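**Student:** Could you have a look at this structure, given as structure tokens, before my questions?
Just so you know, all these numbers are worked out from the coordinates, no wet-lab data involved. Note that this is a predicted model, so its numbers are computed, not measured. Ideal geometry is used to build each Cβ from the backbone, glycine not excepted, and the neighbour counts take in all protein chains shown.
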Amino acid sequence: MTVLRDDDLTAAFDRAAPGYDRLVAVNPGYHAQLRRSARRLGLPGRGAGLRLLDLGCGTGASTAALLTVAPEAEIVAVDRSAGMLARAAAKPWPAGVRFVRAPAEGLAAAGVAGPFDAVFAAYLVRNVTDSDRLLATVYGLLAPGGRLAVHDYLLGGGRRHRALWTAVCRAIIQPAGALTGYLRLGSPPGRLSPCRRSTVLAPSFLGACARSPLRQWRAPSAHGDLYRHLRRSVLEFDTAPAFRDRLRRAGFIRVRVLPVPGWQTGIVHTVVGSVPDGPDGPSDGGAACGR
């Protein structure tokens, strides 16, 4: 299978939207790692007076992560999928959060204009057709000194990281997708009972998944294309070091690759960078804006 792009990918997210929060609920550390990446933007105070762009907000998990570090900021949250965006907008949000349906490459046509003090892009960059064009758009939307944090499945670069990703897809991602129907029987979206959480995340359960043929853990038809896309898109997109270099070529400075702890080490990274403070802004090589 080739990776999905444009309308095909949007349609896959629309189909997956009803069960998406249930899926991420069984992903250990999913929300905690998003919050970690949001903190790595290094935003001052509680975000008062700041304008933030959440690019590819999905069902709102990344928006919620931004709110934990900048609860007083104005946040514009954008996604191309109507299904995902409807799920996000239906949740309770403070008045400073606004949702906009638009492709990441077509923000101006949707009335999304800068300057923004920071941009957060979670699980987005490998899903666009032209990532260099996207980065150029983000660069132009940022205020002088503005910051970008990209949170995504960006493999560490070694052969072992590719092998680890394949194992994770077999042991966690595809079984979790298949379990979304099971989780629908009593657990509210985004929440698991302690009993079900212990069952799904038990080492014995994951070990059995890893030893089972992949065909036994095929996700429901509404989700299968998306999960297969996830596996292939990660393998075919930049490694974390390659994406760091891509950011630098786009003009970002102080670019750093930061790992996440736990089972996602070597698989998920935060890549942070900023635009110069002005025409004579600092050159690359300064301290990272994250921590």
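**Student:** Can you tell me how many residues in region 232-247 are out of contact with any Gly (no Cβ under 8 Å at 6 or more places or on another chain) and either of a type in the set (Gly, Ala, Ser) or touching a residue at least 12 places away in the same chain (Cβ under 8 Å) (or both)?
**Tutor:** Residues meeting the conditions: 10.
**Student:** Go through region 114-173 and count every residue that is closer than 28 Å to GLY278 by Cβ, touching a strand residue (DSSP E or B) at 6+ places or on another chain (Cβ under 7 Å) and outside any loop (DSSP other than H, G, I, E, B).
**Tutor:** Number satisfying all stated conditions: 18.
**Student:** Considering only region 124-165, state which residues are hydroxyl-bearing (Ser, Thr, Tyr) and either more than 14 Å from GLN264 (Cα to Cα) or without any contact (Cβ under 8 Å) to a residue 12 or more places away in the chain (or both).
**Tutor:** The answer is THR129, SER131, THR137, TYR139.
**Student:** Have a look at LEU52, LEU66, LEU41, LEU34 and point out the one that is crowded, with 24+ Cβ neighbours inside 10 Å, touching a helix residue (DSSP H, G or I) at 6+ places or on another chain (Cβ under 8 Å) and in a loop (DSSP other than H, G, I, E, B).
**Tutor:** Just a single option satisfies the conditions, and that option is LEU41.
**Student:** Are any of the residues in region 83-98 part of a strand (DSSP E or B) and surrounded by fewer than 18 Cβ atoms within 10 Å (Cβ to Cβ)?
**Tutor:** yes
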